[in-house]
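One structure below.
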């Protein structure tokens with residue numbers, strides 16, 4: 001592992017995103033070209049973002065994997081496609097972050113050196129995974145996708161077309177927001193999104209949408225909701241010993257309680273040689289108590305967006321009973337410093 005005397009890579013603070021900026025809640029693809037300027041400089045053009053919270057994200061992935069790897073990781077890719085995906089991930093990491101990832105070829109093998117974890121991933125000449133050195137992960141990584149997912153702050157999902165349909169063929173989901181990998185794995189895109197309130201029209205047009213995601217792009221889009229904690233992992237099944245209500249993170253009481261905007265930045269990169277599209281999902285939190293004091297106009301826009309939701313959309317976001325109180329609080333005057 002890293003020596004204490006070794007110079008650590010410089011990491012910037014997390015990027016900031018505020019998708020409710022329009023003041024209206026809509027269920028649309030809302031696809032932007034990757035690299036669209038959202039005020040975060042070079043990070044807006046990257047699939048994988050690394051920041052000062054990397055160690056926290058890594059620790060939470062370790063906890064999820066040690067609880068039950070199969071609960072958070074499912075992979076049904078053919079061997080050739082798995083090699084292709086591993087090659088893409090390695091090459092993209094080295095391209096976007098050359099100070100953090102270096103790839104060396106020696107004796108017919110490819111060695112990926114990961115500066116943040118201190119781990120070395122060994123691949124064969126065709127990017128078939130061999131093993132990972134200098135790692136204390138338990139359980140040990142079972143393949144290259146698992147090993148690579150442990151290096152980044154994003155979750156990974158891959159949709160692949162098969163014949164006249166499509167399936168979710170790979171899912172490394174340590175930070176689920178009230179959904180489970182086991183429930184979605186192997187399902188068509190439309191079935192995966194069927195529970196999303198307001199998604200019916202998009203699901204009817206899922207075929208052309210999947211085609212665009214594979215053949216065009218890359219894209220970035222955002223999803224958002226509210227949370228009463230900053231827990232990254234909100235799997236619908238709590239780990240043993242966890243209180244289900246506390247684990248859910250939707251115990252909303254804005255007056256005196258914690259309230260956060262939970263944002264997912266999703267990038268979509270087409271992989272035509274696999275007839276697939278890779279989704280990355282990165283989670284961010286904004287403390288709404290702080291935002292109410294520093295940028296009340298944003299809180300007002302968020303209140304408008306929540307007010308524009310249908311009852312079904314509020315229920316899906318966990319706001320069936322608390323929306324009115326939250327809207328009133330967001331529209332209120334700044335409070336004393338917390």
* Structure fact -> Of the residues in the stretch 228-240, those that are under 23 Å from residue 152 (Cα atoms), buried (at least 17 other Cβ atoms within 10 Å of the Cβ) and in contact with a strand residue (DSSP E or B) (Cβ under 8 Å, 6 or more places away or on another chain) come to 229, 232, 234
* Structure fact -> Given the conditions (1) touching a helix residue (DSSP H, G or I) at 6+ places or on another chain (Cβ under 9 Å); (2) surrounded by fewer than 16 Cβ atoms within 10 Å (Cβ to Cβ); (3) part of a loop (DSSP other than H, G, I, E, B); (4) at pLDDT 95 or above, every one holds for residue 77 apart from (2)
* in contact with a helix residue (DSSP H, G or I) (Cβ under 7 Å, 6 or more places away or on another chain), closer than 30 Å to residue 300 by Cα and modelled with pLDDT of 95 or more, is that true of residue 38? -> yes
* Structure fact -> Given the conditions (1) out of contact with any strand residue (DSSP E or B) (no Cβ under 7 Å at 6 or more places or on another chain); (2) farther than 26 Å from residue 230 by Cβ; (3) modelled with pLDDT of 95 or more, every one holds for residue 141 apart from (1)
* Asked: Does residue 121 fit the bill of being free of Cβ contacts under 8 Å to residues at least 24 places away in the same chain, touching a helix residue (DSSP H, G or I) at 6+ places or on another chain (Cβ under 7 Å) and part of a strand (DSSP E or B)?
  -> no
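Identify, from the list 9, 29, 14, the residue that is buried (at least 18 other Cβ atoms within 10 Å of the Cβ) and not in a helix (DSSP H, G or I).
Numbers: 9 fails: buried (at least 18 other Cβ atoms within 10 Å of the Cβ); 29 fails: buried (at least 18 other Cβ atoms within 10 Å of the Cβ).
That would be 14, the only listed residue that is buried (at least 18 other Cβ atoms within 10 Å of the Cβ) and not in a helix (DSSP H, G or I).
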* Tell me, which helices (runs of 4 or more DSSP H) lie completely within the stretch 220-338 with 2 or more residues that are touching a helix residue (DSSP H, G or I) at 6+ places or on another chain (Cβ under 8 Å)? -> 288-294, 296-307, 323-330
* Asked: For the stretch 32-44, what are the residues that are out of contact with any strand residue (DSSP E or B) (no Cβ under 9 Å at 6 or more places or on another chain) and not in a loop (DSSP other than H, G, I, E, B)?
  -> 42
* Give me a count of the residues in the stretch 193-203 that are assigned to a helix (DSSP H, G or I), surrounded by fewer than 16 Cβ atoms within 10 Å (Cβ to Cβ) and touching a residue at least 12 places away in the same chain (Cβ under 8 Å). => 0
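The values are calculated or read from the model by the stated rules, or taken from the named source; none is laboratory data. All values reported here derive from a predicted model rather than from experimental measurement. Every residue, glycine as well, gets a Cβ built from its backbone with ideal geometry; the counts of neighbours run over all protein chains shown.
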